[in-house]
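Here you go, one structure.
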């Protein structure tokens with residue numbers, strides 16, 4: 001099963017009324033009302049980031065969120081390059097991708113996996129799309145199903161701000177697929193008004 005980690009909440013997105021706060025130097029600032037924790041972050045010129053949302057009260061850390069995102073994505077790229085030894089291919093998707101475009105991307109994914117390459121899927125959200133993360137969730141689930149005969153999920157989907165990244169590895173013994181057959185009812189993008197990600201899988 002493909003699971004997408006919850007989006008990291010920062011600043012005004014944090015819903016808890018009380019949060020256990022870690023200051024910019026990594027020291028415990030105690031359990032504070034959210035308003036006080038936000039004020040402390042603003043005083044430091046940094047962001048309040050919810051790093052442990054499942055704990056009661058949730059743990060928030062004062063940090064530069066943009067720098068944190070960059071460092072995490074950089075580490076991910078380095079790790080992936082070491083793992084695959086240069087045989088890494090990447091496909092970018094949008095959550096509201098139309099059916100025709102999805103089929104084109106799907107054919108590319110299959111070709112890479114059939115050649116024995118590792119495959120990184122980067123799902124990119126823009127603007128208000130972040131309010132409908134279920135579109136991306138459904139899209140990645142569908143992609144996993146459509147690729148299961150030629151690939152398997154090696155790294156489950158992980159959120160990096162407006163990007164969701166997941167990794168596929170080639171299936172051992174997978175036979176080359178001559179063409180991606182269009183599924184009944186989704187063959188022509190002109191016949192559907194809804195983006196592919198809006199369908200449940």
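Derivation of every value follows stated rules applied to the coordinates shown; laboratory data play no part. Quantities reported herein were computed from a predicted structural model and do not represent experimental measurements. Using ideal geometry, Cβ is built from the backbone for each residue, glycine included, and neighbour counts are taken over all protein chains shown.
Given the peptides 103-110, 67-74, arrange them by the average over their residues of other C-beta atoms within 10 Å, most packed first.
103-110, 67-74
Taking the radius of gyration and the Kirkwood hydrodynamic radius from Cα positions alone, what is the Rg/Rh ratio for region 11-63, to two decimal places?
Value, to two decimals: 0.90.
Still on this model: Per the Kirkwood treatment, what hydrodynamic radius in Å, one decimal, follows for region 93-178 from the mean inverse distance over all distinct Cα pairs?
13.2
Over the C-alpha atoms of region 13-138, what are the Rg and the largest Cα-to-Cα span, Dmax, in Å?
Final numbers for Rg and Dmax: 19.5, 55 Å.
A further question follows. In nm, to one decimal, how far is the modelled label at residue 92 from the one at residue 124, with both set 7 Å along Cα→Cβ?
For the pair residue 92/residue 124, the computed spacing is 0.2 nm.
Could I ask something else about it? So what is the relative contact order for region 11-63, in percent, with contacts set as C-alpha pairs under 8 Å and at least six apart?
Reported relative contact order: 40 percent.
A further question on this structure: In nm, give the distance between the simple-model label positions of residue 25 and residue 145, each being 7 Å from the Cα along the Cα-to-Cβ direction.
Each label point is offset 7 Å from its Cα along the Cβ direction, giving 5.4 nm.
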